[in-house]
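What follows is calculated from the coordinates using simple rules that are stated; it is not laboratory data. These numbers were taken from a predicted model, which means no experiment stands behind them. Neighbour counts run over all protein chains shown; Cβ positions are idealised from the backbone, glycine included.
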Amino acid sequence: MIVPRRVALRSLFALAVTAFTGGALGRVAGRPPSGAAPDGTDPHAFDEMYRGRRVIGFSGPGGAPVALVDGRPLHLMRCADGGYVTPIDHYESCPTPLAAVRAAVDELGGARLSPLAAAHGVPTDPTGGSPRGVHA
């Protein structure tokens, strides 16, 4: 049986979400995150309520920041200036992952974060999936 490409991509995305969510649950359960500094501190760690939403951040594989908004992953992208942007609010570079997540929450208002906002290049990507960020 041949699996359609869309089904395969959705399955891979579901596995990625599960992996990131499992890391967040491990952090909440007391296990140190994979990108923790030698002294046990995580440079990307935050866990707070912001405008009625629970935002969690931690270092993922390779020390890259990972963010969750109400348990849903939010993709963080590093900018050339050292700041961070998200697919939700990608017009202004924020100095930290927490600031980028807060900007995304501000932009979302009362809307829920799409479960696909963590994947880059999917139809819910605000750039339309274009590598240059140009809307078609």
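Among residues other than D89 whose Cβ falls under 10 Å from its Cβ, what is the net charge (Lys/Arg +1, Asp/Glu -1)?
Working: positive: R102; negative: E92, D106, E107.
Here the charged neighbours net out to -2.
Would region 37-86 count as rounded, prolate or oblate if I go by the C-alpha gyration tensor, calling it rounded below 1.5 in a/c and otherwise prolate when a/b exceeds b/c, oblate otherwise?
Here region 37-86 falls in the oblate category.
Once you put a point 7 Å from the Cα of T41 and another 7 Å from the Cα of D70, both along the Cβ direction, what distance in nm separates them?
The answer from the label model is 3.3 nm.
Going by C-beta contacts inside 10 Å, put C79, C94 in order with the fewest on the left. Don't jump to the answer; show the numbers that get you there.
Numbers: C79 13, C94 19.
Taking fewest neighbouring Cβ atoms as first place, the list is C79, C94.
Give me the net charge of R54's neighbourhood, meaning all other residues with Cβ under 12 Å from the Cβ of R54; Lys, Arg count +1, Asp, Glu -1.
0
Taking other Cβ within 10 Å of each residue's Cβ, how do T96, T41, T86 sort, fewest first?
T41, T96, T86
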